[in-house]
Amino acid sequence: MRRLPNAFGLIVVCAAASLGTSSNILPAVAIPAVDVKPPIQKFNDFGNQIGIAFSKTPAYTKEFDAAIADAYKACKEKLPDVKGGKKLAVVSDVDETLLDNRPFFEKHTKFDWPAFTTWINSADAPTLPKTAKFLSWAKENGFSVFLITGRHEGMRTGTEANLKKHNIKYDELMMRAATSNAKAEAVKVPLREQVEKKGYNIVVNIGDQWSDLSGGHAIDCEKLPNKIYFVP
């Protein structure tokens with residue numbers, strides 16, 4: 001059982017689910033990762049400059065490194081299952097988890113959606129190397145990697161180009177529909193369900209927002225630090 005950092009005054013718990021014993025049996029659905037009471041709320045210590053400053057502190061590095069270390073640990077515990085032929089997966093968010101948008105936010109004091117869209121389509125975001133290295137390790141060790149992002153389908157070309165630029169290997173990039181205005185959890189939970197319907201157990205789900213992790217369908221959830229913005 002993985003207990004996530006107590007941010008926003010909340011504790012989020014991912015409970016482990018048993019893996020299927022036969023490749024012909026769909027994997028057990030993980031117990032929902034989150035039952036948040038009260039609802040997740042945005043606190044005041046967020047913003048472009050606050051978040052960028054925080055990302056340069058030892059506290060940010062410590063929190064990030066701890067999450068990545070736990071992700072490795074969770075996957076290593078399942079290596080015998082991978083070698084035994086079970087279909088296991090890792091799910092990762094993209095923005096501020098795998099791709100680093102700080103160069104954009106350093107130039108904008110307030111969020112500007114048209115400018116951010118241009119930035120995404122430029123495919124110039126650097127990677128967050130510790131996450132990229134973990135996903136590469138997972139692929140090399142037999143896990144399938146699914147990238148689940150709140151970016152919409154109209155951003156696919158720029159996103160894929162950016163990932164290719166950093167030689168990031170993955171099995172599928174799953175995005176929100178071009179016309180969707182749904183909240184992140186409403187987008188991402190069904191996409192994780194789709195991964196399970198393909199016959200996978202999701203061993204690790206990693207992201208920088210609570211809404212990346214809430215709603216279940218993962219054995220282990222890892223919350224990366226981000227004080228630049230908040231996605232409900």
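The values are calculated or read from the model by the stated rules, or taken from the named source; none is laboratory data. Keep in mind that what you see is a predicted model, and the values were worked out from it rather than measured. No Cβ is skipped: glycine too gets one built from the backbone with ideal geometry, and neighbour counts run over all protein chains shown.
Observations
- Whichever residue in region 114-145 is among the small types (Gly, Ala, Ser) and under 18 Å from Asn201 (Cβ atoms) and, among such residues, is surrounded by the fewest Cβ atoms within 10 Å (Cβ to Cβ): Gly142
- Some residue of region 52-64 being under 16 Å from Leu224 (Cβ atoms), part of a loop (DSSP other than H, G, I, E, B), out of contact with any Pro (no Cβ under 7 Å at 6 or more places or on another chain) and basic (Lys, Arg): yes
- Extreme residue, surrounded by the fewest Cβ atoms within 10 Å (Cβ to Cβ), among residues of region 151-186 that are closer than 27 Å to Trp137 by Cα and among the β-branched types (Val, Ile, Thr): Thr157
- You will find that of Phe54, Phe46, the residue that is modelled with pLDDT under 85 and more than 29 Å from Val195 (Cα to Cα) is Phe46 and no other.
- Of all residues making up region 165-209, the number that are of a type outside the set (A, V, I, L, M), part of a helix (DSSP H, G or I) and touching a residue at least 24 places away in the same chain (Cβ under 8 Å): 7
- Residue match in region 58-80 (condition: over 20 Å from Ile202 (Cα atoms), in contact with a helix residue (DSSP H, G or I) (Cβ under 6 Å, 6 or more places away or on another chain), at pLDDT below 95 and surrounded by 15 or more Cβ atoms within 10 Å (Cβ to Cβ)): no
- Some residue of region 121-135 being closer than 23 Å to Gly85 by Cα and out of contact with any Asp or Glu (no Cβ under 6 Å at 6 or more places or on another chain): yes
- Residue list for region 66-125, filter: within 22 Å of Gly51 (Cα to Cα), in contact with a strand residue (DSSP E or B) (Cβ under 6 Å, 6 or more places away or on another chain) and part of a helix (DSSP H, G or I): Ala67
- Subset of region 140-190 [over 20 Å from Ala71 (Cβ atoms) and acidic (Asp, Glu)]: Glu153, Glu160, Glu185
- The numbered conditions (1) crowded, with 16+ Cβ neighbours inside 10 Å; (2) on the phi < 0 side of the Ramachandran plot; (3) assigned to a loop (DSSP other than H, G, I, E, B) are all true for Asp212 except (3).
- Selection within region 104-127 - in contact (Cβ under 8 Å) with a residue 40 or more places away in the chain and out of contact with any helix residue (DSSP H, G or I) (no Cβ under 8 Å at 6 or more places or on another chain): Thr127
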